[in-house]
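Working notes for the structure below.
The values are calculated or read from the model by the stated rules, or taken from the named source; none is laboratory data. Predicted model, so just to flag it, every value in this text is computed and none were measured. Virtual Cβ from ideal backbone geometry, glycine too; neighbours counted across all protein chains shown.
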Amino acid sequence: MDVLQTVFWILSALAIGCALGVILSRNPINSVIFLILTFFMISGHYILLNAQFLAVVNIIVYAGAIMVLFLFVIMLMNLNADTEPQKSRLIQIAGAVSGGTLLLVVLAALRTSMYSVPLERQSTDIGLIQNLGQTLFTKFVLPFEISSVLFLSAMIGAVVIGKREPASGEETPGAALRQPNQN
Amino acid sequence: MPIEYYVFLSLVLFCIGIAGTLMRRNAIVIFMCIELMLNATNLLLVAFSKMHNDPSAQIFVFFSMVVAAAEVAVGLAIIVMMYRKVHSVDVNILNRLKH
């Protein structure tokens, strides 16, 4: 067993352990931390697969931007293990069993049908930013431009959804609390 | 490293995401499990990209990250609005559309 295989097994074990930590920890903040660790392990796998650009983007976009957004929202709502809603034991077992059953079924279907292709060991440079950029700006330049429209619409949508409605005619429990703030 | 190891790893991560989605009631944790499933499929795409020596799959992963970022912004805005209305992130409270 050489170095790369050892790194692969360590990264895989840590990724699966951290992913289990996401769904098993009571405190949502611990879930976020475990998910960030999982993303770091997946970035390690990207580096093993010679996808250096995606590894860096994964860390910057997912661990840096998206998970910080989750963390902000959780801290804004002041969620912790005490306020965490718990499903009944039966439903939790049912969820775990159905997830495990799906795993077993797809595993059994893939084990017999897949042919083993060893990924070649020599380092390819398709994952470097130069080659990816050339592909992105020649073959995929139209989707790249359209994604900017997607971002704009997502930004406008988030602002419109997050805007407070006018307090008049509201019957939510928070309306009485909100009234003094608007003076 | 054979390709099927990566297939099985991303399959395990995907199923953990599904089990978490079914097990938890906190809307934010369910959302995080969906992110976990997205990352599992991204890992599979990158492994296949290495197998076929084709950069198009990596571009696809890049776009899927773009879409995930936009999705998180809108989804968290919806969750914050729901928290403002009902003061909870429990999805069982929202099981009726008309309330």
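Does B:Phe63 fit the bill of being assigned to a helix (DSSP H, G or I) and more than 7 Å from chain A (Cβ to nearest Cβ)? Spelling it out, it is not the case that B:Phe63 is assigned to a helix (DSSP H, G or I) and more than 7 Å from chain A (Cβ to nearest Cβ).
If you filter the range B:25-48 down to residues that are small (Gly, Ala, Ser) and more than 7 Å from chain A (Cβ to nearest Cβ), you find that the one that is surrounded by the most Cβ atoms within 10 Å (Cβ to Cβ) is B:Ala40. Consider the range A:1-11 and keep the residues that are part of a helix (DSSP H, G or I) and at pLDDT below 90. The one that is surrounded by the fewest Cβ atoms within 10 Å (Cβ to Cβ) is A:Val3. Consider B:Lys85 against the criteria (1) modelled with pLDDT under 90; (2) in a helix (DSSP H, G or I); (3) more than 7 Å from chain A (Cβ to nearest Cβ): it satisfies all of them except one. Which criterion is unmet? Evaluating B:Lys85 over (1) modelled with pLDDT under 90; (2) in a helix (DSSP H, G or I); (3) more than 7 Å from chain A (Cβ to nearest Cβ) leaves (3) as the failure.
Among the residues of the range A:12-31, the ones that are aliphatic (A, V, I, L, M), surrounded by 23 or more Cβ atoms within 10 Å (Cβ to Cβ) and touching a Leu at 6+ places or on another chain (Cβ under 8 Å) come to 3 in all. Among residues of the range A:130-145 that are in contact (Cβ under 8 Å) with a residue 60 or more places away in the chain, those with a Cβ under 9 angstrom from a residue that is in a helix (DSSP H, G or I) and among the aliphatic types (A, V, I, L, M), sequence gap 6+ or separate chain, pair up as A:Leu132/A:Leu54; A:Leu132/B:Ile59.
Is it the case, given these coordinates, that B:Ala73 is free of Cβ contacts under 8 Å to residues at least 24 places away in the same chain, surrounded by 19 or more Cβ atoms within 10 Å (Cβ to Cβ) and touching a Leu at 6+ places or on another chain (Cβ under 9 Å)? Can you show your working first?
On the way: free of Cβ contacts under 8 Å to residues at least 24 places away in the same chain: yes; surrounded by 19 or more Cβ atoms within 10 Å (Cβ to Cβ): yes; touching a Leu at 6+ places or on another chain (Cβ under 9 Å): yes.
Answer is yes for this residue.
Kindly indicate whether any position in the range B:30-52 is touching a residue at least 60 places away in the same chain (Cβ under 8 Å) and in contact with a strand residue (DSSP E or B) (Cβ under 9 Å, 6 or more places away or on another chain). No, there is no match, as no residue in the range B:30-52 is touching a residue at least 60 places away in the same chain (Cβ under 8 Å) and in contact with a strand residue (DSSP E or B) (Cβ under 9 Å, 6 or more places away or on another chain).
When A:Ile60 is tested against (1) within 20 Å of the chain's Cα centre (by Cα); (2) over 30 Å from B:Met1 (Cα atoms), only condition (2) is not met.
Residues checked against (1) in contact with a Phe, Trp or Tyr (Cβ under 7 Å, 6 or more places away or on another chain); (2) in contact (Cβ under 8 Å) with a residue 24 or more places away in the chain; (3) within 10 Å of chain B (Cβ to nearest Cβ); (4) under 30 Å from B:Asp90 (Cβ atoms):
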| position | (1), (2), (3), (4) |
| --- | --- |
| A:Ala19 | no, no, yes, yes |
| A:Val32 | yes, yes, yes, yes |
| A:Ile42 | no, yes, yes, yes |
| A:Phe70 | no, yes, yes, yes |
| A:Val73 | no, no, yes, yes |
| A:Met77 | yes, no, yes, yes |
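Filter the range B:12-43 for residues that are among the aliphatic types (A, V, I, L, M) and within 15 Å of A:Thr38 (Cα to Cα) and give the result. Talk me through it step by step, then tell me what you get.
Filtering the range B:12-43 down to residues among the aliphatic types (A, V, I, L, M) leaves B:12-13, B:16, B:18-19, B:22-23, B:27-30, B:32, B:34, B:36-38, B:40, B:43.
Within the range B:12-43, B:Val12, B:Leu13, B:Ile16, B:Val29, B:Met32, B:Ile34, B:Leu36, B:Met37, B:Leu38, B:Ala40, B:Leu43 qualify.
Taken over the range B:1-29, residues that are out of contact with any strand residue (DSSP E or B) (no Cβ under 6 Å at 6 or more places or on another chain) and in contact (Cβ under 8 Å) with a residue 60 or more places away in the chain amount to 3. Inspection of the range A:56-77 finds a residue satisfying the criterion of being farther than 30 Å from B:Lys85 by Cα and not aliphatic (A, V, I, L, M).
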